[in-house]
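See structure below.
Throughout, read-outs are computed from the coordinates displayed, never taken from laboratory work. Here the structure is a predicted model, which means the values were calculated and not measured. As a convention, Cβ positions derive from the backbone with ideal geometry for all residues, glycine included, and neighbour counts pool all protein chains shown.
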Amino acid sequence: MSDAPSIVFLLDVDNTLLDNDRVHDDIDRHLAEGFGETGARRYWAIYEALRDKLGYADYLGAVQEFRLECDDEVRAQGIAAFLLDYPFAERLYPGALEAIAHLSRLGRCVVLSDGDVVLQPRKIDVSGIADAVQGRVLIYVHKERMLDDVARRFPAGHYVMLDDKLRVLDGMKRRWRERLTTVFVRQGHYANDPAAGREYPPAQIELGGIGELCGMRAEAFLSTSQPASATE
C-alpha cells in the first residue's frame, strides 16, 4: 500500500501567504529616496522587461541592469542589500502560518512558487514559511507547467492549489481536472483585477483571506465540484 498522504496542499507565496504588494511599495519607496522618482521608474521598467523575458519576477536581476545605467554604480548595490535584508516575516498576511499549521493536520503542505533562485528562496526562508512547511519548497519558472515534477516529488491521492491568480488555477485545473481542487485567495492586485475574472472561470473555493482556511475541514477540499466560498 502506498504511504502517500491523501491530500497535498500546494501553497503559492506572493499575495497568498505574504503581502507582496506591500513589499513592492517598500522597494519603490527605497528607490525613490535613493535615486528619485525618475530612478525608481527606470528600475521598474527594467524589472517589467525582465519579467516579460524570463517569465518570473527577478528583483536582483533588475538591480544588476539598473546599476549599469544609474549615475552611482556603487550606491546602486545597496538596493540588493535592502532586498536581501528585507524583513519578510513582517509582511505575512494575518493567519498565514496558522493556516499552514491547520492544513498540515489535514494533509501535507508544500510551497509551490515562481521566482528567481536567490531572493525567492530567501523570502520563503526568512518569513518563516519554509519552517512551517518543514522545508518542502518548490520554486519553478512556470509552476503550472511542472505538475509532473510536483507529483513525482510529492505523490498524493488528491491535490489542492491555493493561489491569488485565476490564470494559474485555471491552467492547473485543465491539466489535473478532478485530481485537483482550486482555491482562489482574493488578496492583492492580481486577485482583484476584474479583467482576470472575466477571462478565467471561477475557482472551486474562494477565500477572502488566507486566515479563513483555519475553519475548514478536509471534506471541503475533496467534495467540491462547483464554485463555493469558505463559509458554505
Value of [θ]222 nm, deg cm²/dmol, for the chain, DSSP H segments ≥ 4, -39500 (n - 2.57) each, nearest 500: -14500 deg cm²/dmol
Choice from 156, 40, 81 showing the highest fluctuation, given a GNM over the chain with Cα pairs closer than 10 Å: 81
Positive-end residue, the chain charge dipole about Cα centroid, Cβ charges, pick of 138, 180, 59: 180
Linear extension gain, residue 72 paired with residue 145, 0.36 nm per residue minus alpha-carbon span: 22.3 nm
Percentage of interatomic Cα-Cα distances in region 135-222 larger than 20 Å: 37 percent
Dipole-positive endmost among 6, 203, 107 within the chain (Cβ charges, Cα centre): 6
Check: the chain dipole with +1 on Lys, Arg Cβ and -1 on Asp, Glu Cβ, in debye: 940 debye
Among 72, 14, 148, residue whose mean-square fluctuation peaks in a GNM of the chain (springs only between Cα atoms under 10 Å): 72
Over region 21-88: Kirkwood hydrodynamic radius from C-alpha pairwise inverse distances, Å: 11.9 Å
Cα centroid separation, region 92-129 to region 167-218 (Å): 17 Å
Backbone N within region 66-80 under 11 Å of label point (7 Å from residue 49 Cα along the Cβ vector): 66, 69
Projected-area mean, the chain, by convex hull of Cα positions, square nanometres: 12.9 nm²
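If you take every residue apart from residue 80 with its C-beta less than 13 Å away from the C-beta of residue 80, what net charge results, scoring Lys and Arg +1 and Asp and Glu -1?
-2
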Debye-sum result for region 79-124 in log10 I(q)/I(0), which assumes one identical scatterer on each alpha carbon, at q = 0.26, 0.30 Å⁻¹: -1.04, -1.12
